[in-house]
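Structure below; questions to follow.
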Amino acid sequence: MPVYSMTGYASAQHGASATGADTDTRAPHGRRLGLEIRSVNSRFLDLSFRLPDELRALEPVLRSLLTAQLKRGKVEVRAALESDDGSSLQDPAPRLLQRINSLQDAVKSWLPQAAPLTVADALRLCANAGAGPEDWSEAVPPLAEQALAQLLAARAREGERLAAMLHDRLGQLRNLAQQAGPMVPLLVEQQRQRFMERWKEAMALTDGSTLPEAARDRALTEATAFAIRIDVAEEITRLNSHLDEIERLLQKGGEVGKRLDFLIQELHREANTLGSKSAALDLTRISVDMKVLIEQMREQVQNIE
């Protein structure tokens, strides 16, 4: 499965072809329906709808379609009904015009101050005459499926870009871990030599009250404690294990955002421990570089479903 981003946008119009080009098909009563879906990142699936009153009854259908395909993200669905252009305007029937005129006369007999109807008012009344409530129950579901398919495609493209960036950062982190590994034995040996030199200097200045064997054992004990304190082999092993798991999740795809977010936190913890145990500037630099890369990964993982 692909890795999906939670960021995407799609739109569809009633009467549009599969390729997105408009056709000559028009919505009922010369009105056109437009639908758009926007989504951004969120911890959970958060759906909101902005629909005209005529489409409110179809909100459960739209919600069911979205929840079947989307798992996370703040998703907003907007729909708009627009009147068609004047090319489909028909001539009003004379009988209908007569009826409107007689009604106007009746109203003015009771309300002499009422303003007369304009041509636009008469045309609008003729257009709406005899038109009952429009039924969008058959037009909306396929339109929503079309927009949802476009949204999933957009989220998959963005997810592919995010996965490529994460793979690049994984490679850089592995290189840094490989650089840190050989440093620890060298640091331990350098510190051991330093302790032994201090022991020899101390023996040269002693008055014989301290046994050479006891002083040497103490120096070796301090060197061993230092080696244990700066040993980061366990942290590097865990860090590599987390990197392997992140790579496996990216290859698996699907709903992996929450697990990736948890693993990024674990990576940051290991990089912090590596820095706290640092006994050399080079190891400190590696820890800082790791944390920069991990922070870049964390920002992008927040957008993965």
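Can you pull the Rg over Rh of the stretch 237-293, Cα-only, Kirkwood? Before the final figure, lay out the partial values.
Details: Rg = 12.9 Å, Rh = 12.1 Å.
We get a ratio of 1.06 for the stretch 237-293.
Let me check something: with ligands and nucleic acids excluded, how do S241, S5 order by accessible area (1.4 Å probe), largest to smallest? Can you show the working numbers first?
Working: S241 65, S5 0 Å².
If we order S241, S5 from most to least accessible, we get S241, S5.
What FRET efficiency comes out for the pair R124/A57, r = Cβ-Cβ distance, R0 = 35 Å, nearest 0.05?
The pair R124/A57 has a calculated efficiency of 0.90.
Which distance in nm do the two modelled labels at M165 and R285 give, with both placed 7 Å along the Cα-to-Cβ direction?
A separation of 2.7 nm, rounded to one decimal place.
Given the whole protein assembly as supplied and a 1.4 Å probe, what does the accessible area of K74 come to in Å², nearest 10?
Answer for K74: close to 100 Å² accessible.
Another question about this same structure. Given R₀ = 41 Å, what would the calculated FRET efficiency be for K71 paired with Q179, taking r from the Cβ atoms and rounding to 0.05? Don't jump to the answer; show the numbers that get you there.
Details: r = 38 Å, r/R0 = 0.93.
About 0.60, to the nearest 0.05.
Leaving out ligands, DNA and RNA but keeping every protein chain, what accessible area does L152 have, in Å² rounded to the nearest 10, with a 1.4 Å probe?
Counting only protein heavy atoms, L152 exposes about 40 Å² to solvent.
Calculate, for E234 and E299, the FRET efficiency according to 1/(1 + (r/R0)^6) with r their C-beta to C-beta distance and R0 22 Å; round to the nearest 0.05. Provide the component values of the computation, followed by the final result.
Details: r = 28 Å, r/R0 = 1.26.
According to the calculation, E is roughly 0.20.
Something else: Check cross-link reach from K71 to the lysines: straight Cα distance under 20 Å, and skip same-chain residues fewer than eight apart.
The reachable lysines, counting only those whose Cα sits under 20 Å from K71, are K252, K258.
Starting from the Cα of M1, step 7 Å along the direction of its Cβ; do the same at E138; then give the gap between the two resulting points in nm.
3.5 nm
The values are calculated or read from the model by the stated rules, or taken from the named source; none is laboratory data. It should be emphasised that the depicted structure is a prediction, and the values quoted were computed from it without experimental measurement. Glycine also receives a Cβ, built like all others from the backbone with ideal geometry; neighbour counts cover every protein chain displayed. For the accessible areas, the whole protein counts, side chains as well, though only heavy atoms, and no ligand, DNA or RNA atoms are used. Shrake-Rupley method; radii C 1.70, N 1.55, O 1.52, S 1.80 Å.
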